[in-house]
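For reference, the structure discussed in these notes is given below.
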Amino acid sequence: MTGIRSWVDRSSGSEGESLGAPPRLVIHIGSGKCGSSAIQSFLGTNATALREDGFVVPGVDLNLSSHQRGNQLRLFNHGMGTDGFDDDITSRLAKLRRQMDEHGWHTLILSAENLLNPRGFHRLFASSAEAFEIHVVAYVRRQDDLMVSAWQQWHLKRHANFWAYADKVNGSLDWHDRLEPWRLTYGDDALTVRVFARENLEGGDVVADFAHHAGLDHTRYEPVAEANRTLHERFNRVANTYREVLFDDPHDHRFYAFLEDLLGEKAYKDYRGSAVLTLGQRRAIVQQYSEANERLRRQYFPDVPSEPGVFPPPKRSDVASLPNSDGDEVHDLAYVAMFAMYKRLARLERKVATASS
């Protein structure tokens, strides 16, 4: 949809401040594995400079005093479902509105990729609709691609294999159904839905794309390094097999940091596609969502032809083939042992630093 683009087109002034309009609330709702880390890194890194130009990026606790990471992911994740949380969010937004009025700031930008999860997050901002002109930005991705990416970053740390994870998310990646509560609550024109694929993004970059739809010029601010780089898939087996030893939780990335320290660039993917799924398996996953993706197309991308649709079908270049090497199990155990030493040395370094401070 074109809600934010319409605002940009009709705005006056270099920063896009619309005469007589209430301040805008731009809510980036995800989805995960659709460039969220890059967007949030840009917002967090440039929060001070953005505020000078009237764009307010609050801290992790949805205020101006908490730690700045460019997102409020944990606040929404931990608070949702607790007594009074809806009212608490309304109160925090009201305080931010007063501060914006006091300083003449025109745009408030929130980001949390979990907001597109089906937990009723859409209702948190409804009570603030009179205080702000609300615009919602969402990124969606072809389901097989998202599953492969999510498997490698999070789910191989908690499931015995890819198909155990796939069974758990079976049917849940229906983007139309996830977006519908937001559309019904805030209206068609308040929603901007983008396909997370390089050829669909402004400048081929998700940060540039989000900045454009938030009404700001990203080239005026500090660029950010690539976020959440993808580990070489030859490490998937050791990470999955020894997940209970290597990871404390799905967000524990220390083993990946160790591999980067040990191997440098060789720790990361240097090839296209993925070896996690075959072409046939990819096609089967996409086929499962064919009706859902057609509903998505009709609602949000009516100018896109039904064939190939919003998401072009998987192709052979999406699939990579990794060579098998002798002694993989020995190598796996070596990595596990070295990582144990790596963590022990890190603990010793922290103790020495604490003692000397």
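Just so you know, all these numbers are worked out from the coordinates, no wet-lab data involved. Everything numeric in this text was worked out from a predicted model, so none of it was measured. FYI the Cβ positions are ideal-geometry reconstructions off the backbone, even for glycines, and counts take in every protein chain you see.
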- Query: Of all the stretches in the chain, which is the longest one without any exposed loop site, taking trypsin sites (Lys or Arg not before Pro) in a DSSP loop (any state but H, G, I, E, B) with at most 11 other Cβ atoms within 10 Å?
  - Reply: 1-271
- Message: Using only alpha-carbon positions, what ratio does the radius of gyration of region 154-193 give when scaled by 2.2 N^0.38 Å?
- Response: 1.68
- If you take the C-alpha gyration tensor of region 255-299, multiply each eigenvalue by 5 and take the square root, what semi-axes do you get, largest first, in whole Å? 35, 13, 9
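Provide the gained length on full extension for the span Asp101 to Glu52, in nm with one decimal, where the gain is 0.36 nm per separating residue minus the Cα-Cα distance.
16.2 nm
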- Query: Quick one: if you take sqrt(5λ) for each eigenvalue of the C-alpha gyration tensor of the chain, what semi-axes come out, biggest first, whole angstrom?
  - Reply: 36, 27, 18
- Which of Phe121, Trp175, Gln72 sits farthest toward the positive end of the charge dipole of region 72-188, with +1 on the Cβ of Lys and Arg and -1 on the Cβ of Asp and Glu? Gln72
- Determine by what factor the alpha-carbon radius of gyration of region 208-357 differs from 2.2 N^0.38 Å, reporting the quotient. 1.45
- Dipole-positive endmost among Ala267, Phe196, Tyr221 within region 193-278 (Cβ charges, Cα centre): Ala267
- Cα centroids of region 88-118 and region 135-152: how far apart, whole angstrom? 25
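What's the magnitude of the charge dipole for the chain around its Cα centre, counting Lys and Arg as +1 and Asp and Glu as -1 at the beta-carbon? Answer in Debye, nearest 20.
Roughly 700 debye for the chain.
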- Among all the lysines, which ones have a C-alpha under 30 Å from Lys269's C-alpha, if same-chain residues fewer than 8 places away are not counted? Lys33, Lys157, Lys168, Lys315, Lys343
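Restricting to the chain, what percent of DSSP beta bridges are antiparallel, rounded to 5? If you can, show how the numbers build up before the last one.
Values: 1 of 19 bridges.
In the chain, approximately 5 percent of DSSP beta bridges are antiparallel ones.
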- Projected area of region 54-213, taken from the Cα convex hull and averaged over every viewing direction, in nm²? 10.7
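Using square roots of five times the C-alpha gyration tensor eigenvalues, list the equivalent-ellipsoid semi-axes of region 215-304 in whole Å, biggest first.
Semi-axes, largest first: 32, 24, 14 Å.
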